[in-house]
Amino acid sequence: MSHSCIVGGGITGLAAAWDLTQAGFSVTVLEREDSLGGLAASFDAGGYALERFYHHWFTSDTHIIGLIEELGLGERLVSRESRTGMYYANTLFRLSNPLDLLRFTPLPFVDRLRLGLLVPVARSVRDWRRLEGVTARDWLVRTCGENVYRVVWEPLLRGKFGDVADEISAVWLWNKLCLRGGSRAKSGAEVLLYFDGGFGALVDGIRDALVARGVEIRTGDGARALEVRDGAAVAVLAESGRIPCDNVLVTTPLPIAADLLGDHLDEAEAARLRRIRYLANICLVLELRESLSELYWINVNDPSFPFVGVIEHTNFEPVGSYGGRHIVYLSRYLPQNDATYHLSDEEYLAYALGFLRRMFPAFRDDAIIASHVWRADYAQPIVERDYSALVPPMHTSLRNVVVSSMAQIYPEDRGTNYAVRGGREAAALVAELP
Ligand SMILES: Cc1cc2nc3c(=O)[nH]c(=O)nc-3n(C[C@H](O)[C@H](O)[C@H](O)COP(=O)(O)OP(=O)(O)OC[C@H]3O[C@@H](n4cnc5c(N)ncnc54)[C@H](O)[C@@H]3O)c2cc1C
């Protein structure tokens, strides 16, 4: 029986493991952290599992829905309307449906219409390749005008991408608009999906299914290098020792894949693995006695605020799932070398609360039951213009080594749905190796 070693126990690696074991391979999954799930991992908050980083799905996320159903877990999918809004000029605006949009006073009426037309315009784009050479900024100004761009989109792009906001490709935004626009009820309200018990329960469900099929899962065991002979990998050198294998699937972020494979690739191929830039994310998770607002997702459109969003998870998943605690995420994307990323957890909490008090003047510090800070070095690939030319192919020049990561799922943006698709595509490639 052929033995596959999968490096990385995020959703890409787990989905690939499922398909490879079904295809008759023996599989080892190596995960350097103590738990599985990668960016979609959860942690134990006093008996309740919380995602480190807020997660939901769109109704159009058919790849992950398909896998969940295949695993016999379909009954645990829940769908709910979401309530979204925007913080602008010290005020919270509800922006959940078309009517809210028509009442959005910061824009003159004609601009509200132009903003509302953006999703249909995006969905009418037949060939995204025609947007590849255009920045999101230029496309937005052309489509909705300077004013809509300045009030709505510029703060969001800056909030998410900071100094590189002007470099972001129109394809990235086009894709987001199509995705969100396609996940709506007849009323126009956004409908999102979640998993009963959270993403942690799903990861546990996948792990159990893999273990039942004989997959060996090694957590707390990172890959350090590959042993290569005659242009093919013969083993993965892990922290725990040498793991002989017939093929390797690397599902880590590309810079880590480059460190693992670089010595065995020519300069151009190694450089390509290192070419795509990423942003990190620092996420503050608050367990609160009180709710902040009635909104699930608040886009922060105030350039003086360093957060792209305030996500009150318990306005989506009921507060009863967490023993009555209100769960709030404050998300910030930033380069890894930004000083804020290196603040201690206590310093970061103090820094973030300063902004939270400004946004919610009634908020009192004694509403905090507990707080947690999570960091991800590789949270978001920077999707710049002509990104398709940057994406490395899955099959490397090493005969039996495949790389599949969230930076390669273009034109879609990252997401667990595409992690499943990427994992499954990679597994099919591995299964076809001579
Ligand atoms: C703030 C935030 C919010 C998000 N919200 C959503 C959402 O609402 N819905 C959604 O679907 N998606 C969301 N995502 C995206 C989603 O989490 C990712 O697209 C997906 O989880 C990526 O899975 P992956 O397996 O490709 O990569 P990763 O999750 O990055 O997994 C890679 C794994 O490799 C491991 N690894 C690294 N180096 C080594 C090594 N040397 N040896 C062994 N293992 C190694 C890592 O520890 C990690 O577990 C969000 C992401 C972030 C950051």
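The values are calculated or read from the model by the stated rules, or taken from the named source; none is laboratory data. Computed from a predicted structure; not experimentally measured. Cβ atoms come from the backbone with ideal geometry, glycine included; neighbour counts cover every protein chain shown.
Observations, loosely collected:
- TYR54 under 20 Å from TYR296 (Cα atoms) and modelled with pLDDT under 95: no
- None of SER404, SER371 is within 16 Å of the ligand (Cβ to nearest atom), buried (at least 17 other Cβ atoms within 10 Å of the Cβ) and of a type in the set (S, T, N, Q) except SER404.
- Conditions (1) free of Cβ contacts under 8 Å to residues at least 24 places away in the same chain; (2) in the same structural domain as GLU347 (by TED's automatic domain parsing): number failed by ALA270: (2)
- Only one of the numbered conditions (1) surrounded by fewer than 18 Cβ atoms within 10 Å (Cβ to Cβ); (2) in a strand (DSSP E or B) is not met by ARG274, and that is (2).
- Residue tally, condition within 22 Å of LEU349 (Cα to Cα) and either surrounded by fewer than 17 Cβ atoms within 10 Å (Cβ to Cβ) or among the small types (Gly, Ala, Ser) (or both), over region 376-395: 3
- When residues of region 202-214 are limited to those that are within 15 Å of the ligand (Cβ to nearest atom) and of a type in the set (A, V, I, L, M, F, W, C), the one nearest to ILE6 (Cα to Cα): LEU210
- Subset of region 41-57 that is of a type in the set (Gly, Ala, Ser) and crowded, with 23+ Cβ neighbours inside 10 Å - its residue that is farthest from VAL430 (Cα to Cα): SER42
- Selection within region 154-169 - buried (at least 22 other Cβ atoms within 10 Å of the Cβ) and either without any contact (Cβ under 8 Å) to a residue 60 or more places away in the chain or not hydrophobic (A, V, I, L, M, F, W, C) (or both): PRO155, LEU157, GLY159, SER169
- Within region 188-216, residues that are hydroxyl-bearing (Ser, Thr, Tyr) reach partners that are part of a loop (DSSP other than H, G, I, E, B) with beta carbons closer than 7 Å, at six or more positions or on different chains, in the pairs TYR194/HIS56; TYR194/PHE316; TYR194/GLU317.
- Within region 52-69, residues that are closer than 28 Å to VAL310 by Cβ reach partners that are of a type in the set (Phe, Trp, Tyr) and away from the ligand (no atom under 12 Å from the Cβ) with beta carbons closer than 7 Å, at six or more positions or on different chains, in the pairs ARG52/PHE43.
- If you filter region 81-101 down to residues that are outside any strand (DSSP E or B) and at pLDDT 90 or above, you find that the one that is nearest to the chain's Cα centre (by Cα) is SER82.
- For region 220-228, the count of residues that are away from the ligand (no atom under 14 Å from the Cβ) and either of a type in the set (D, E, K, R) or closer than 24 Å to PRO434 by Cβ (or both) is nonzero.
- Residue within region 336-356 that is of a type outside the set (Ser, Thr, Tyr), touching a residue at least 12 places away in the same chain (Cβ under 8 Å) and within 30 Å of THR28 (Cβ to Cβ) present: yes
- Where TRP57 falls short, out of the listed (1) more than 9 Å from the ligand (Cβ to nearest atom); (2) farther than 22 Å from ALA280 by Cβ; (3) of a type outside the set (A, V, I, L, M): (1)
- Options GLY422, GLY415: the member that is among the small types (Gly, Ala, Ser), within 16 Å of the ligand (Cβ to nearest atom) and within 30 Å of ASP246 (Cβ to Cβ): GLY422
- Considering region 16-40, and only residues there that are within 8 Å of the ligand (Cβ to nearest atom) and buried (at least 24 other Cβ atoms within 10 Å of the Cβ), the residue that is farthest from TYR194 (Cα to Cα) turns out to be LEU30.
- Going through (1) outside the structural domain of TRP174 (by TED's automatic domain parsing); (2) touching a strand residue (DSSP E or B) at 6+ places or on another chain (Cβ under 9 Å); (3) free of Cβ contacts under 8 Å to residues at least 40 places away in the same chain; (4) not basic (Lys, Arg) one by one, THR105 falls short only on (1).
To keep it simple, each residue is scored yes or no on (1) in a loop (DSSP other than H, G, I, E, B); (2) within 13 Å of the ligand (Cβ to nearest atom); (3) not basic (Lys, Arg).
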residue	(1), (2), (3)
ALA258	no, yes, yes
LEU295	yes, no, yes
ILE298	no, no, yes
PRO303	yes, no, yes
PRO306	yes, no, yes
SER321	no, no, yes
TYR329	no, yes, yes
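- Candidates ASP204, ASP246, filtered to the one that is in contact with a His (Cβ under 9 Å, 6 or more places away or on another chain), crowded, with 17+ Cβ neighbours inside 10 Å and either charged (D, E, K, R) or modelled with pLDDT under 95 (or both): ASP246
- Screening PRO392 against (1) outside any loop (DSSP other than H, G, I, E, B); (2) within 16 Å of the ligand (Cβ to nearest atom) leaves a single unmet condition, (1).
- Positions within region 286-309 being among the β-branched types (Val, Ile, Thr) and within 16 Å of the chain's Cα centre (by Cα), in sequence order: VAL308
- Test: residue in region 62-70 that is away from the ligand (no atom under 11 Å from the Cβ), farther than 24 Å from ALA223 by Cα and modelled with pLDDT under 95: no
- Scoring GLU132 on the criteria (1) closer than 20 Å to GLY309 by Cα; (2) touching a Ser or Thr at 6+ places or on another chain (Cβ under 8 Å) leaves a single failure, condition (1).
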